[in-house]
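Everything below concerns the one structure shown next.
The values are calculated or read from the model by the stated rules, or taken from the named source; none is laboratory data. A quick note: this is a predicted structure, and the numbers were derived from the prediction, not measured. Because the Cβ atoms are built from the backbone with ideal geometry, glycine has one as well, and the counts that use them run over all protein chains shown. Accessible surface is based on the protein model in full, side chains and every heavy atom, while ligands, DNA and RNA are left aside. Shrake-Rupley method; radii C 1.70, N 1.55, O 1.52, S 1.80 Å.
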Amino acid sequence: MSIPQPFLQELLSRIDVVEVVGRYVPLRKAGANFMGLCPFHGEKSPSFSVSPSKQFFHCFGCGKSGNAIGFLMEHAGMGFVDAVEDLARQVGLSVPDDHVAPADKERAAAARQRQATLSETLEKAGQDYRKQLRQSPRAVEYLKGRGVSGEVAQRYGLGYAPEGWRHLASVFAQYDDPLLSDSGLVIVGEDDGKRYDRFRDRVMFPIRNVKGECIGFGGRVLGDDKPKYLNSPETSVFHKGSELYGLYEARAAIREAGFALVTEGYMDVVALAQLGFANAVATLGTACTAEHIAKLLRFTDSVVFSFDGDAAGRRAARKALDAAIPHAADTRSVKFLFLPSEHDPDSFVRAHGASAFSRHIADAMPLSRFLVEAAGEQCDLGTPEGRAHMASNARLLWEPLPDGALKRQLLGELATLAQLDPLDLQEVWEQAAVRGRPPAVPASRSTGDARRPARSEPGRSLPPSSSSGRRRRAAPAGRVDHAARLLLSHMEFLDTLSHEDNALLSAQDAPHGPLFAWIEAQFHEQGPLPWAVLRESLRGHSCEALAERVMTGAHAQTEGDTHELRLELRGLLNRMLAEQLRVQETEALAAASTDPAALQRYRALQARRVALERLAPQAS
């Protein structure tokens with residue numbers, strides 16, 4: 001059985017290596033990590049470290065290291081597939097098989113190419129819409145009336161689709177190109193086959209994926225015509241249930257603010273960005289889904305839902321609650337902000353100011369309280385029947401919660417409302433679950449089989465990293481190595497880098513340059529990932545050996561104060577830039593005899609290098 005790498009990455013992103021290892025090894029908190037006695041060799045002093053941020057374990061005594069899959073293989077004697085299946089069961093995933101026919105792989109490659117072509121088509125239309133906005137005083141006045149500045153309009157790529165049924169015929173050489181209809185830009189009549197533009201006389205909001213590629217549009221009328229908002233249809237590149245408007249633009253602001261603000265509409269996002277809340281995103285005319293939540297949690301551990309204060313907003317919040325409950329781990333915060341019925345987020349900030357809105361966000365209702373309110377909705381808690389009804393509702397909300405302190409506290413709170421002992425309430429729920437469960441199927445093998453010694457499985461993927469028990473001498477860690485180590489450990493630091501920083505890193509000699517380019521691409525595609533997930537993604541990559549080397553050994557520990565580590569990276573980059581400038585100084589000085597401008601260039605380079613060297617902290 002061959003397991004696809006994307007599945008392994010998803011699995012490792014869902015599990016916690018500290019929890020997995022902690023079932024077998026007593027661990028205690030030691031700074032940012034957890035320490036314990038190594039289970040792989042005899043020792044009296046703990047040298048076995050488990051890193052929550054990297055999702056990796058490492059023993060400084062025997063040198064063994066790896067992720068949660070590797071730990072189960074080494075410690076429990078499981079084969080690779082058994083270890084993956086064991087972890088997958090814990091998080092409710094089904095393990096797929098990667099035995100795919102060559103023809104199917106070719107079709108998949110063709111589909112990826114087509115998706116890229118669709119995005120290019122949409123981007124070309126977006127460029128024209130932006131041009132048309134500059135030429136439409138009416139559309140510009142509408143945006144100004146909503147308080148949107150030119151800077152914000154440019155940041156979000158706002159445009160205007162002019163009146164007329166076939167405007168895009170002037171943009172694309174072939175108006176009958178299937179790409180125009182497949183991308184949702186053009187509608188083809190079912191009866192007569194006539195073509196016409198989907199978006200006409202509307203302000204256009206390009207929808208981008210996390211890589212910044214245009215995948216669809218939302219269009220808003222300038223007046224009161226219906227429908228007020230019109231979205232692109234579902235296509236091979238655009239799926240409303242998994243995309244969030246404004247997420248690409250809001251990534252840095254979300255990390256800076258420490259939370260994501262989820263709203264209902266395009267104008268909410270743009271208007272809030274104008275008013276100082278650039279961390280806002282919006283669902284795309286559909287209810288919030290578990291995929292939306294999972295995507296947001298790549299960027300932050302804190303999400304605040306802000307919906308309109310009317311009945312429709314309350315219903316939307318209820319659906320968001322259902323989607324968020326399975327992700328409500330103890331270390332995450334999910335809140336719900338309910339505004340007065342006459343307001344949406346945009347109008348509230350304009351009426352009461354940004355400070356008042358910030359206070360409302362701080363006082364937003366925690367998921368736990370909303371869950372209890374939802375369970376008791378339309379239940380008379382003053383009667384046994386009403387309390388029983390509440391308890392029945394609560395079971396369906398409580399069960400999907402991840403195991404942890406929050407789930408246990410809510411059990412006690414719900415039991416108190418039901419006037420039952422927590423153990424009694426749990427027993428009632430278990431009986432209800434049994435009544436609704438299909439008959440059990442006898443297991444095909446005893447549970448003891450899971451502990452059998454590992455056997456090699458033909459065709460399986462490479463096992464997760466587990467370095468040899470022999471202690472290897474670590475190579476000296478240079479500046480470029482340490483920069484790679486910091487970025488592999490803290491991908492979120494990429495948000496603070498300038499174009500010059502990225503160009504400097506990508507221009508490093510192989511394999512460092514390709515590794516930095518790969519890290520940046522992964523970040524734009526998937527957001528910040530822990531080292532354990534990145535390690536799986538590097539299987540078979542030309543940079544795998546370099547990444548493994550810089551992330552192994554005592555020098556690879558980069559936990560600590562995040563601000564200090566950012567300063568450390570900044571210092572490394574300043575010194576590397578200074579070295580680059582020194583080389584350019586030498587070249588300019590050599591050219592000064594024949595090029596009069598070279599001497600002036602030399603002085604400018606020297607001045608900048610000296611300034612950087614003064615700024616650079618003492619970093620190795």
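So the values come out like this:
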read-out	value
Scope the stretch 330-348; condition without any contact (Cβ under 8 Å) to a residue 60 or more places away in the chain and outside any strand (DSSP E or B); matching residues	Thr331, Arg332, Leu339, Pro340, Ser341, Glu342, His343, Ser347, Phe348
Matching entry among His555, His563, His512 (being open to solvent by 20 Å² or more (accessible area, probe 1.4 Å) and modelled with pLDDT of 85 or more)	His512
Considering residues of the stretch 154-176 that are free of Cβ contacts under 8 Å to residues at least 40 places away in the same chain and more than 20 Å from Asp225 (Cβ to Cβ) only, the residue surrounded by the fewest Cβ atoms within 10 Å (Cβ to Cβ)	Ala173
Wholly enclosed helices (runs of 4 or more DSSP H) of the stretch 488-582 bearing at least 2 residues within 24 Å of the chain's Cα centre (by Cα) and closer than 25 Å to Ala252 by Cα	499-506, 512-526, 531-537
Tyr248 out of contact with any Ser or Thr (no Cβ under 7 Å at 6 or more places or on another chain), of a type in the set (Ser, Thr, Tyr) and either more than 30 Å from Ser302 (Cα to Cα) or free of Cβ contacts under 8 Å to residues at least 24 places away in the same chain (or both)	no
Residues of the stretch 254-299 classified as touching a residue at least 60 places away in the same chain (Cβ under 8 Å), open to solvent by 40 Å² or more (accessible area, probe 1.4 Å) and not in a loop (DSSP other than H, G, I, E, B), total	2
From the options Leu339, Leu420, residue that is open to solvent by less than 20 Å² (accessible area, probe 1.4 Å) and of a type in the set (A, V, I, L, M)	Leu339
Residue tally, condition open to solvent by 40 Å² or more (accessible area, probe 1.4 Å) and touching a residue at least 24 places away in the same chain (Cβ under 8 Å), over the stretch 23-60	9
Matching residues, the stretch 300-329, being in contact with a strand residue (DSSP E or B) (Cβ under 8 Å, 6 or more places away or on another chain), open to solvent by 30 Å² or more (accessible area, probe 1.4 Å) and either in a loop (DSSP other than H, G, I, E, B) or among the charged types (D, E, K, R) (or both)	Asp301, Arg314
Restricting the stretch 181-208 to residues that are more than 30 Å from the chain's Cα centre (by Cα) and of a type in the set (A, V, I, L, M), the residue that is farthest from Gln127 (Cα to Cα)	Val188
Selection status of Leu462, within 33 Å of the chain's Cα centre (by Cα), in a loop (DSSP other than H, G, I, E, B) and modelled with pLDDT of 90 or more	no
